[in-house]
Amino acid sequence: MQTASDVKEYREELRQALDNEFLRQAMDSFAVAYRAGRAKAFAGMDVDGLIREIAQAKDDSISRLDELYDEFKRNAEAAGTKVHLAETAEEANQIIAGIAAAAGVKQIVKSKSMTSEETQLNRHLEAGGYEVTETDLGEFIIQLRHEGPTHMVLPAIHLSRYQVADLFSEVTRQKQDVDIERLVKVARRELRPKFAAADMGISGANFAIARTGTIALVTNEGNGRLVTTLPRVHVALVGLDKLTPTLSDALRIIKALPRNATGQAITSYVTWITGPNECVASPTGKKEMHIVFLDNGRRDLAHDPKFAQVLRCVRCGACANVCPIYRMVGGHQYGHIYIGAIGLILTYFFHGRDKAKNLVQNCISCGACKAVCSAGIDLPELIKAVHARIQDETGSSLSNTLLAQALKSRRLFHVLLRSAKLLQRPFTGGGPYLRHLPHMFAKDQSFRALPALADKPFRDTWEEARPRVLNPKWRVALFSGCLHDFVFPEQLNAAVKVMAGRDVALDFPLDQSCCGLPALMMGQAAVAGDVARQNVMAIDPSKFDYILTTCASCASHLKKAYPTLLGHDPQLAARVAEFSTKVIDFSSFVQDVLKLEQADFIGDGKKTAYHAPCHLCRGLGVVAAPRELIGKAGLDYRQSEEEDVCCGFGGTYSTKFPELSAQILKKKLDHVVQSGAELLVTDCPGCILQLRGGLERRGDAIQVRHIAEALADVLTEIPAK
Amino acid sequence: MTNMDELVTYFTQKAQAVSAVVAEVNELRQAFEYTVDLCDRKEACQLLLAGCEAPLSPAAGELCQRRQDKIIAAPGLDAANYQELDTLCRNKGLTLIRDDLRGYLAGIDIGLTVIDYGIAETGTLVLNSNNEEVRLATMISEIHVAVLPKSRLRQSSTDLEKELEAMMRMRPGYTAFITGASRTADIERVLALGVHGPLELHILLWEDR
Ligand code: SF4
Ligand code: SF4
């Protein structure tokens, strides 16, 4: 639940969560176990194909929600179910309370339903005098604690067995042992009389199948079966997004949902209900059955060209399971009701801007969620888009506006960077790091040393350094990105060295500017668009075979985001398409285009670890190239744990949420140290800034090099042509 | 190996992977004997293992008190089969019931059902549960013994789509997919069986041809 009024308060809550040792450990072991379990569950399956099919089928349903609703209603009513449609959360709660009142209900049992969390149904019913009992074990526990879930599938994952034992001792007024098996049985037996006495059962539904008017519940505990069997009245509260045309659509999703949620091939129970079934407890011998569909903004969403895809979500929770931030802070700080990446987005649409405004800033855009989403939702992109919307609605902060304005004009931006160079001089002590930052800048940044700006940016040395190539095989434009231009030009120079003498005609068009990703991360979509346009105009793609960048973040932004940012402009569309197609990252260029071989290097067998930048491995799907190059270069590649987990940089993220950035970095560096490496290689200057700065602070001697540097260091001499 | 043997092996492997006990029987009578024997050997209330002595609140404790005899419920059987099973139960001093399961919400020892279809790919049982007593037998029993005719075994849910669709079309209809025992991982992600439903699932593959 979000209560913080601003980012400052929110950060305070995050700090408290970070201090919760149990939570951190629980989340860590979960993150690691989840990944292994998921991989095993999907082994031998075409996961991407399955996800694509799910996405397509969902998109089709979303595009005709009203039609499906009508069809469902017709068929369900023919079977004797009463079907209701609630426009708002409040209306849904009223309808359900009305059903309870009309049926003379006193006690209610519930099975797990995120939709009823969304509407805060329990609160409403309890205020009406009904006794409501959550019967899913996790929900039962958090209901007793009067708190919300911290995971969509494992609602009580933040609690320890000790806390549960204490809680159950209180409930039974008897001392309970701290033994999970026993505690589970205590819950079983405490809850059974609630089932026996209840006159109404409330469930959610994972699917509402239009063709037959059937709802389906995907569960493990079996409480959903009791909830839909014992009480004489059954109400299912269902989001309109759960409508699906046929059984086969549901069966397809069931192939992915449990595997992606908990690594199970299928859950213990899947229950398919059509119409009011036999019920001995009812005077009519049949149940009274109601299905309440909830709109609460879903129909508007379905028509939103950008955000309609959030309705594809099947609530598997995977996007939280892999999120490095969720792992640090848990669900209470990483969502309002809905949790994880999808939670950040849904909070805005279902619970409003105020609950979402801090949350959407707390995404590092690592893409881990998108890579596992059951429904192929572009989560990081949508989180940024919500952030941008909120800024459009409320106006952005002064510092954001200033930065964005500066980015907009390349000249102004570069002038600022150059004057920063002069200003930093008193703080460097002549070394490569900012040593003596005034306290006001440094107080949260002490977890890593910050590099000083380079003496001369790459662009100032280009004319001199430009290699002359007589018979070029490839014409290549370099795109430096800010960090390689102004902070680490030596890395770009190393790349130039690796390509030297291999018939690559290089150019560095001087009108290029920042790629614009930082603007997007700040929620400044318009500025990001402006900057993108400048770059596409600065580099004429028709003149080059490739547009090469040594920065993984720039590469993925130029390749993946530019078409979306600029593609709608008919005058630019063709040029942008060509531009994006030609963008390539350094490792892929060397491995796949230049095809350098073992003979090109004389490595010294240095023990080398690799960090896979988010924007390379997930953003561009480049996984093998850099690792193969490390091998070819004669370095001794030592795989480390969680190589493809984010380093915690995320550009402006690390300055906005330094505590989190520091913790993610710590984990990363621990793994690198454990690998026994002397050298750490990666593909992105942002990661290098973070990793190097962190190791420097730890006083660790492991060297951090861009892969271009690592290769340049061990090149075999090329005979001059 | 024939196709059927392969399917049986595949199903068995998948069902065992989710903690189901799988055995094969040649005739229904053997399944009855298995069930009676299992019940006879079983503690009166298996929750004992997990602490009947464990302190409960008064309401829950009271419901638990109502249990005495060992009870098997077999609501789905036809008259002749029910008779046969009943004789076996009497010989061992067990009680066999077929209706009014709501009177036994504290729990029964075994629920016995004959399954409609099996899905090998996931070790899943498909059971038409329109009858409330059948539904309850699979929910409130400590052990669910499920007899699965081999002729009803299929490779995947996709191969069953027509049959399932027909079950969805029943008005009303309550169809259950059952895979392994009732489970939870809600406390510290530690797997615990029997949180609300059966603690054990026994599947008897019946050579029905
Ligand atoms: S992009 Fe990364 S940080 Fe952002 S929500 Fe997804 S997993 Fe979490
Ligand atoms: S957004 Fe995707 S990964 Fe997250 S819960 Fe929904 S379907 Fe699962």
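The values are calculated or read from the model by the stated rules, or taken from the named source; none is laboratory data. Please read all numbers here as calculations on a predicted model, not as lab measurements. So basically every Cβ, Gly included, is an ideal-geometry build from the backbone, and we count neighbours across all protein chains shown. Heads up: the accessible areas ignore ligands, DNA and RNA and are worked out on the full protein's heavy atoms, side chains in. Shrake-Rupley method; radii C 1.70, N 1.55, O 1.52, S 1.80 Å.
Key figures
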{"item": "Part-to-part distance (alpha-carbon centres) for segment A:559-626 and segment B:116-159, which is given in Å", "result": "51"}
{"item": "Residue among A:Gln264, A:Ala495, A:Ala39 farthest towards the positive dipole end of chain A, charges placed on Cβ", "result": "A:Ala495"}
{"item": "Unit charges on C-beta of K, R, D, E only; dipole of chain A, Debye", "result": "440"}
{"item": "Interface size B-A, as summed buried accessible area [1.4 Å probe, Å², nearest 100]", "result": "6200"}
{"item": "Those residues of segment B:134-148 whose amide nitrogen sits under 20 Å from the label point placed on B:Gln16, 7 Å along Cα→Cβ", "result": "B:144-148"}
{"item": "Whole-Å distance, taken between Cα centres, linking segment A:512-553 and segment A:385-426", "result": "16"}
{"item": "Heavy-atom accessible area per residue - segment A:451-713, 1.4 Å, Å²", "result": "36"}
{"item": "Heavy-atom accessible surface of the protein assembly as shown: percent carbon and sulfur, 1.4 Å", "result": "51"}
{"item": "Largest-first ordering by accessible area, 1.4 Å probe, given options B:Asp78, B:Asp208, A:Asp485", "result": "B:Asp78, B:Asp208, A:Asp485"}
{"item": "Listed residue pairs exceeding 24 Å between alpha carbons, taken from A:Lys559/A:Lys632; A:Lys73/A:Lys287; A:Lys185/B:Lys70", "result": "A:Lys559/A:Lys632"}
{"item": "Interface residues in segment A:250-298 - accessible area drops by 30 Å² or more relative to the isolated chain, probe 1.4 Å", "result": "A:Leu251, A:Lys255, A:Ile266, A:Ser268, A:Tyr269, A:Val270, A:Trp272, A:Thr274, A:Asn277, A:Glu278, A:Val280"}
{"item": "Tilt relative to chain A, helix A:525-538 - C-alpha long axis, 0 to 90 degrees, to 10", "result": "30"}
{"item": "Derived scalar couplings ³J(HN,Hα) [segment A:40-53; Karplus, 6.51 cos²θ - 1.76 cosθ + 1.60; whole Hz; x for Gly, Pro]", "result": "5, 5, 9, 3, x, 9, 7, 5, 4, x, 4, 4, 4, 5"}
{"item": "Entries of A:Lys40/A:Lys668; A:Lys497/A:Lys607; A:Lys497/A:Lys666 with Cα pairs more than 27 Å apart", "result": "A:Lys497/A:Lys666"}
{"item": "Cut-off under 5 Å, modelled amide H: who pairs with B:Ser141 long-range", "result": "B:Ile108"}
{"item": "Cα-Cα pairs of segment A:104-150 separated by more than 17 Å (percent)", "result": "25"}
{"item": "Threshold 30 Å², segment A:151-180 residues less accessible with all protein chains present than alone (1.4 Å probe)", "result": "A:Leu154, A:Arg161, A:Gln174, A:Ile180"}
{"item": "Segment A:652-674 and segment A:30-47: distance between their alpha carbon centers, rounded to Å", "result": "25"}
{"item": "Per residue accessible area of segment B:4-206, 1.4 Å probe, in Å²", "result": "37"}
{"item": "Proximal lysines to A:Lys355, defined as alpha-carbon separation beneath 18 angstrom and excluding residues fewer than eight positions away on the same chain", "result": "A:Lys8, A:Lys384"}
{"item": "Two-decimal Rg/Rh across segment A:558-682, once Rg and the Kirkwood Rh are taken from alpha-carbon atoms", "result": "1.06"}
{"item": "Top positive-direction residue, dipole computed over the protein assembly as shown with Cβ charges, set A:Cys313, A:Ile273, B:Thr113", "result": "A:Cys313"}
{"item": "Space enclosed by the convex hull of the alpha-carbon atoms of the protein assembly as shown, per residue, Å³", "result": "179"}
{"item": "Minimum 10 Å² accessible area buried by the other protein chains, segment B:140-167 residues, probe 1.4 Å, relative to alone", "result": "B:Ile140, B:Ser157, B:Thr158, B:Glu161, B:Leu164, B:Glu165"}
{"item": "Average Cα contact separation per residue, chain A, under 8 Å, 6 or more apart, as relative contact order %", "result": "12"}
{"item": "Size of charge dipole - segment A:451-713 - debye, nearest 20, with Cβ of Lys, Arg +1 and Asp, Glu -1, no other charges", "result": "240"}
{"item": "Helix A:398-408 axis, angle to chain A major axis (alpha carbon atoms, nearest 10°)", "result": "50"}
{"item": "Relative contact order (%) - segment B:118-209, alpha-carbon pairs under 8 angstrom, separation at least six", "result": "41"}
{"item": "Segment B:4-206 - Kirkwood radius from inverse mean 1/r over Cα pairs (Å)", "result": "17.6"}
{"item": "Rounded to 10°, Cα long-axis angle of helix B:3-17 versus longest principal axis of chain B", "result": "30"}
{"item": "Dipole axis of the protein assembly as shown (+1 Lys, Arg; -1 Asp, Glu on Cβ), positive-most option in A:Ala538, B:Leu153, A:Ser160", "result": "A:Ala538"}
{"item": "Net charge dipole size for segment B:4-206 [Lys, Arg +1 and Asp, Glu -1 on Cβ; Debye, nearest 20]", "result": "220"}
{"item": "Kirkwood Rh (inverse of mean 1/r, distinct Cα pairs), segment A:451-713, angstrom", "result": "18.7"}
{"item": "Anchor A:Lys82: aspartates and glutamates whose Cα lies under 14 Å away (excluding residues fewer than 8 positions away in-chain)", "result": "A:Asp70, A:Glu71, A:Glu288"}
{"item": "Cleavage-rule hits (GluC sites (Glu not before Pro)) in segment B:104-209: DSSP loop, at most 14 neighbouring Cβ within 10 angstrom", "result": "B:Glu207"}
{"item": "Exposure of A:Val280 as accessible area (Å², to 10), given a probe of 1.4 Å and all protein chains", "result": "80"}
